[in-house]
Amino acid sequence: MNNHKLVSASLLTSLLCVPTILQAEILAVCGASEGHAFYIPGPLVPEKEAGWLEDKISGGTFQLIRSGDDYDIIFTDATGGTLSAKGDGGEIIAFKSSRGDLIVTILYPLAIETYAFWFSSSGPLIATFSQVKHSTPIAKHAVFKADCQRPDPRN
């Protein structure tokens, strides 16, 4: 009897989540990122290797997702594995600019990331973002740029 209740509760929870999943809209799909990072000296970064360096994220992509008034960023790494900012413990705060651009800040326990999605009507969609990794084995502050695309609404 208890197994029946557990299965019923799981099924009900799954069905309640379907409308939210179906309402999710992909606003931007972004590719490889390049930029610069300032590495802080620490246990894994010797003093002579600290400072400004070119930095990139070449093997992954990220997507900006909206579901109602909520936003998330879905990351895909070079192996095809995916991770949601919310699923990884991030608290997301989104701001719309008067131009229609979107700023998304993600607060993690060990890092802070801010993404700016520049939705220009006359040019390409670009995302710029910064990462402050403050309590990780390699502390750094990085700034990146990625070219993005808007998904085809007909698909």
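Worth pointing out:
- Near pairs, Cβ below 6 angstrom, 6+ apart or cross-chain, from region 70-88 (free of Cβ contacts under 8 Å to residues at least 12 places away in the same chain) to any residue that is surrounded by 14 or more Cβ atoms within 10 Å (Cβ to Cβ): THR82/ILE74; THR82/THR76; LEU83/PHE75
Here is a yes/no grid of residues against (1) surrounded by fewer than 17 Cβ atoms within 10 Å (Cβ to Cβ); (2) at pLDDT 95 or above:
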| site | (1), (2) |
| --- | --- |
| GLY89 | yes, yes |
| LEU107 | yes, yes |
| PHE117 | no, yes |
| SER121 | yes, no |
| LYS133 | no, no |
| VAL143 | yes, yes |
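- Inside region 33-49, residues that are exposed (fewer than 13 other Cβ atoms within 10 Å of the Cβ) and assigned to a loop (DSSP other than H, G, I, E, B) make up a count of 3.
- Residue check for ASP72: closer than 17 Å to GLU25 by Cα, in contact with a strand residue (DSSP E or B) (Cβ under 9 Å, 6 or more places away or on another chain), of a type in the set (Asp, Glu) and part of a strand (DSSP E or B): yes
- Residue in region 50-59 that is surrounded by 18 or more Cβ atoms within 10 Å (Cβ to Cβ) and not in a loop (DSSP other than H, G, I, E, B) present: yes
The values are calculated or read from the model by the stated rules, or taken from the named source; none is laboratory data. The model shown is predicted, which means the values in this text are computed figures rather than measured ones. So basically every Cβ, Gly included, is an ideal-geometry build from the backbone, and we count neighbours across all protein chains shown.
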